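This report concerns only the one structure given below.
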């Protein structure tokens, strides 16, 4: 069973994460010939100080306007 790990900077909505899971699952299922029910996707979120771009933290490289506001914890 394929297992895909996605790491991204925190700040997407639950709807965006659900859409990402659906899209990644469909792409993996199609490209590998695996039934979509057997595809697993895990999303790992990191803060802007924990992600580096070009030797700088995301918060510095992209500026303060690029930092998504901290929202409520994701629903299970």
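The values are calculated or read from the model by the stated rules, or taken from the named source; none is laboratory data. Keep in mind that this is a model prediction, so the values were computed, not measured. With ideal geometry, Cβ positions are generated from the backbone for all residues, glycine too; neighbour counts draw on all protein chains shown.
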Next on the checklist: Here's a check for you: in segment 1-28, which residue that is more than 30 Å from residue 57 (Cβ to Cβ) and in contact (Cβ under 8 Å) with a residue 24 or more places away in the chain is surrounded by the fewest Cβ atoms within 10 Å (Cβ to Cβ)?
Outcome noted: 1
Item to check | Matching residues in segment 1-16 - criterion: being more than 23 Å from residue 52 (Cα to Cα) and assigned to a helix (DSSP H, G or I) | outcome: 14, 15
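Yes/no matrix, rows are residues, columns are (1) out of contact with any strand residue (DSSP E or B) (no Cβ under 7 Å at 6 or more places or on another chain); (2) in a strand (DSSP E or B):
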position	(1), (2)
18	yes, no
21	no, no
26	yes, no
37	yes, no
41	no, yes
48	no, no
Checklist entry - Would a scan of segment 1-18 turn up a residue that is touching a helix residue (DSSP H, G or I) at 6+ places or on another chain (Cβ under 6 Å) and at pLDDT 95 or above? => result yes
